[in-house]
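The values are calculated or read from the model by the stated rules, or taken from the named source; none is laboratory data. Being a predicted model, the structure only gives us computed values, none of them experimental. All Cβ positions, even for glycine, are placed from backbone atoms using ideal geometry, and neighbour counts span all protein chains on display.
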Amino acid sequence: MLVEFRAENHRSLRDEQVLTMEAGRIGDDADMRPREVAGSANKLLTVAVIYGANASGKSNVLSAMSFMREAVVASHRLWSSEEVVPRDQFAWGPKHSDPSVYEATIIIDGVRYQYGFQATDAAFTEEWLWAWPKGKKQEWFHREGQDFHFGENLGGENKLIAEVTRPNALFLSAAVQHRHAQLQPVFSWFASIRPVNLFSASRRLPVYGFPWSSEFEVARLLETNAEDGGRAVTDEDSSRLLDQFRAMLRDADIGILDLRVLKTEDERRRSSPNFALKHECGFDDAWLELREESRGTQALFHIAWPIIQAFRSGGVLVVDELERSLHPSLARQIVLQFNDPAKNHRNAQLICTTHDTNLLGSTLGEPALRRDQVWLTEKSPEGGSELYPLTDYQPRKGENIERGYLQGRYGAIPFLGNWSIWRE
C-alpha cells in the first residue's frame with residue numbers, strides 16, 4: 001500500500017508537496033475504517049480525493065505519480081539512449097532549471113520501502129532505496145549521477161547492472177529487466193499503479209496505462225473466448241474477471257448485456273482495440289461500437305477494468321476527474337466500495353481528483369469520504385500549487401463539509417470576482 005508520496009518541481013508543483021495515506025485521529029467509521037497493515041505504524045486509508053479550482057494543480061499531483069510509475073517501468077526498456085528525461089518541470093523562474101524530485105513510501109508484504117529519484121532534462125542525477133525488513137532500516141542502493149553505492153543487504157549482480165544503466169534510465173528499471181529478484185517486488189508495486197485519464201510523459205504509450213493496459217487485456221481475453229467457440233476462457237481466474245466486467249457494465253443500469261472485439265482491416269494501425277457492446281432491447285443484432293456509445297458508457301468502460309483489477313490484486317488506481325461523464329451516484333458507489341473492507345479485501349487504493357461535492361455529503365446521503373480523505377489544492381501568487389489536507393481546518397464530526405467547501409471555508413475554490421459571460 002502507498003503510505004506517502006512526495007513530488008517537487010513537477011508542472012505546477014513548484015515546491016515539495018506531500019500526499020499521505022496515513023489516517024488522521026478522527027475516529028473510525030464502521031463502513032470506512034482505515035486498514036491496519038503490517039509494517040506501518042499508523043493505519044492506512046484506501047481513498048484520497050483531491051478538490052480544487054480549475055488549474056489549481058490537483059491533476060498535477062496525479063500526473064507526478066503517473067510519471068514516477070512510467071520512469072520505473074519504462075525508462076530502461078522503452079526510452080532510447082538519445083532521449084531526454086521526459087519530465088515536465090515548473091514553467092518559469094529559477095525553478096525551471098532545477099531538478100525534479102519524486103519519492104514514494106510503500107508497504108509490500110509487511111516491509112516498508114522508501115524509493116525516490118531526482119531528474120534533470122538530461123539524466124537521473126540521484127536515485128535511492130531504503131528498506132525496513134523486521135523494522136530495521138537498510139540502505140539498499142544510492143546513486144549520484146553514474147556513481148552507485150550498494151548496501152550489504154542488496155544481493156544480485158548490482159555492479160554489472162549499474163554498468164548498463166544509462167544516465168536517462170533508472171537503476172530499478174534496468175535491474176528488473178536483468179532479472180534482479182530482490183528488487184522485483186518494488187518494481188511490481190509501481191507497475192501495479194493504474195492511471196486513468198492521464199497521458200504518459202513520453203507520449204508513446206496509451207492514455208490508459210502502458211502496452212499491457214486494460215483495453216488490450218480485455219481484448220485478449222475476449223478473443224481467447226471467441227476462439228474457444230464461446231466457451232469459458234480456459235484460465236478460470238480470467239473468465240471470472242470477464243464475468244465481473246460484464247456484470248459491472250450491466251449493473252450500472254446502462255442496458256449493456258455483452259461485449260466483443262471488432263476485427264478491422266486497419267487493426268494493426270489502431271492505437272487501441274475496437275469494441276462493440278450488445279444492448280438489452282430484444283433484438284439479437286443490437287450491437288453498437290464503443291465509440292458510438294454515450295460518453296458516460298465510454299467512461300464506465302474505461303474505468304471498470306482497472307477497478308476490477310485493483311480489487312483482485314490490490315495496487316493503486318489513479319483517476320483524474322472521477323466524475324467525468326459518470327453519474328454522481330455511480331462515482332459515489334465507486335468510492336464507497338473502495339472504502340468498504342467487506343468489498344475491498346486486497347486493500348486497493350483509489351487516489352483521484354474531482355469537482356463532485358456529493359462525495360462530501362449532500363442530498364445523496366451521508367459523506368462517502370472520511371474527513372482525512374479529503375485534500376485540497378490552491379495556487380500561490382507565484383503560480384505554484386499547494387496541496388493540503390482538509391484536516392488542517394479541523395472540521396468537526398458531523399460538520400457539513402460540502403457547504404463549507406462551496407462557501408470557501410477551506411479555500412481551494414475559484415475567486416470569480418466580476419466574472420461575466422458577456423461584457424458590453
Inset, instruction - Determine, yes or no, whether GLU127 is in a strand (DSSP E or B), within 19 Å of ALA71 (Cβ to Cβ) and either touching a residue at least 24 places away in the same chain (Cβ under 8 Å) or among the charged types (D, E, K, R) (or both). - result: yes
Inset, instruction - State whether one or more residues within the stretch 323-332 are surrounded by fewer than 21 Cβ atoms within 10 Å (Cβ to Cβ) and modelled with pLDDT of 90 or more. - result: no
Legend entry - Selection from the stretch 27-52 of residues that are crowded, with 16+ Cβ neighbours inside 10 Å and modelled with pLDDT under 90: MET32, ARG33
Inset, instruction - Would you check if there is a residue in the stretch 64-83 being among the polar types (S, T, N, Q) and under 30 Å from ILE413 (Cα atoms)? - result: yes
Legend entry - Given (1) surrounded by 18 or more Cβ atoms within 10 Å (Cβ to Cβ); (2) more than 23 Å from ILE334 (Cβ to Cβ); (3) without any contact (Cβ under 8 Å) to a residue 60 or more places away in the chain, number of the condition TRP79 does not satisfy: (3)
Inset, instruction - Any residue in the stretch 150-171 that's in contact (Cβ under 8 Å) with a residue 40 or more places away in the chain: show its pairings with residues that are basic (Lys, Arg) and surrounded by fewer than 17 Cβ atoms within 10 Å (Cβ to Cβ) at Cβ separation under 9 Å, as long as the two are six or more apart or on different chains. - result: ALA169/ARG77
Legend entry - Failed item, numbered, when LEU205 is tested on (1) at pLDDT 95 or above; (2) in a loop (DSSP other than H, G, I, E, B); (3) not basic (Lys, Arg): (1)
Legend entry - Single match in PRO195, PRO185, PRO211 (criterion: outside any helix (DSSP H, G or I) and either modelled with pLDDT under 85 or surrounded by fewer than 19 Cβ atoms within 10 Å (Cβ to Cβ) (or both)): PRO211
Legend entry - Where LYS95 falls short, out of the listed (1) farther than 30 Å from ASN168 by Cα; (2) part of a helix (DSSP H, G or I): (1)
Inset, instruction - Output yes when any residue across the stretch 42-56 is outside any loop (DSSP other than H, G, I, E, B), touching a His at 6+ places or on another chain (Cβ under 6 Å) and aliphatic (A, V, I, L, M), and no when none is. - result: no
Legend entry - Flag if ALA304 is in contact with a helix residue (DSSP H, G or I) (Cβ under 7 Å, 6 or more places away or on another chain) and either assigned to a helix (DSSP H, G or I) or over 14 Å from ASN197 (Cβ atoms) (or both): yes
Inset, instruction - Considering each of ARG69, ARG14, ARG35, ARG6 in turn, give the residue that is assigned by TED's automatic domain parsing to the domain that holds ASP98, within 28 Å of SER188 (Cβ to Cβ) and more than 18 Å from the chain's Cα centre (by Cα). - result: ARG35
Inset, instruction - Select from the stretch 59-80 the residues that are of a type in the set (S, T, N, Q) and part of a loop (DSSP other than H, G, I, E, B) and write down the one among them that is modelled with the lowest pLDDT. - result: SER80
